[in-house]
């Protein structure tokens, strides 16, 4: 008797098992975008002949496995395992899929061996699924922090906050962006914003904050609920490293989304664990929410409906965080979260964020020109 399976089934932590074809398409898309021929000589240093040979063998075994899968799942499973052992990552999802849909008899296994192998491959597949989400979506997402004097927090100078921001790059310029109400709701001084790097705890300097003024077509409670700081990258670019999201490449307007399209949102909800009272600081436990594009309930905004299996969280802490969707199997930034209610979260389309970045660059260029002429 075969196991039953649907293509999109959440595990108990809420991560979805997608069909293996989705993983294969993403893997091949990424491979094509990073061809060896496009690498500079210094980037080829770590690429050895054995790596190339292993990669080719993995792809070959995977292709053979796909041909065998329908009529001979036992042989296909062995080929997929060979492919995975030769670093062809999508093979693990084919293996997991076989153990979810094929009986132990068809695989020629005892009950004990089948159960053990199925659990093992499911765990490996789950780890890769989590890793893809976390590596892709946590890039650049940080908690909003306020501190009167930049430095080590203490009782007289605590580092507190609420909400989330996103570090982005457009051309050679980098920005930190969040929802304006994250600032105004707590009457924070935008000059006290601290951009803390996660590993080194260095504080990156930023220029003065910028939001849409009353003359902007974006001004207002909803589309205008954005504030951003340009990062002064010249100060630390030789002594620190950090990740930002390429907004000139991996970005789409929310109008490009299809009804019901899968969405991913990242932020720092106000979990008790995110408050470090002992050190007068914030801890960092991000939350990745999954869901789908829903009918909007506020004109001019877009709405994400969180998956039913996700835990209830304080959506206030998610404000300012990014919303992503996949296009051509790769994650793209589509908007900025602003307000939520229950399982629904409203977000602003990405073009409003990009327009604010343009306004910041225009302002800062004017300031720099004036300073250079005095």
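Where a number appears in this text, it was derived from the coordinates with a stated rule and is not lab data. The structure presented is a predicted model; accordingly, all values stated were derived computationally and were not measured. Because the Cβ atoms are built from the backbone with ideal geometry, glycine has one as well, and the counts that use them run over all protein chains shown.
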Original post:
In whole Å, how far is the Cα centre of the stretch 124-140 from that of the stretch 290-349?
Top reply: 19
**OP:** Could you please rank 225, 172, placing first whichever residue has the fewest other Cβ atoms within 10 Å of its Cβ?
**Re:** 172, 225
Original post:
What order, most packed first, do the peptides 72-79, 121-128 have when packing is the mean number of other Cβ atoms within 10 Å of each residue?
Top reply: 72-79, 121-128
Original post:
Can you sort 285, 333 by how many other beta carbons sit within 10 Å, fewest first?
Top reply: 285, 333
**OP:** Mind giving me the nanometre distance, one decimal, between the label points for residue 185 and residue 134, set 7 Å out from Cα along Cα→Cβ?
**Re:** 2.7
**OP:** May I ask you to order 99-111, 344-356 by the average number of other C-beta atoms within 10 Å around their residues, highest value first?
**Re:** 344-356, 99-111
Original post:
What nm value, rounded to one decimal, do you get for the distance between residue 363 and residue 57 when each label is placed 7 Å out toward the C-beta?
Top reply: 5.8
**OP:** Would you kindly state how much longer the chain becomes between residue 341 and residue 75 on full extension, computed as 0.36 nm times their sequence separation minus their alpha carbon distance, in nm to one decimal?
**Re:** 90.8 nm
Subject >> Virtual spin-label span in nm between residue 328 and residue 172, 7 Å along Cα→Cβ >> reply: 2.6
Original post:
Which percent, to the nearest 5, of DSSP beta bridges fully inside the stretch 138-363 are antiparallel?
Top reply: 95
Original post:
In what sequence do 144, 186 fall when counting other Cβ within 10 Å, fewest first?
Top reply: 186, 144
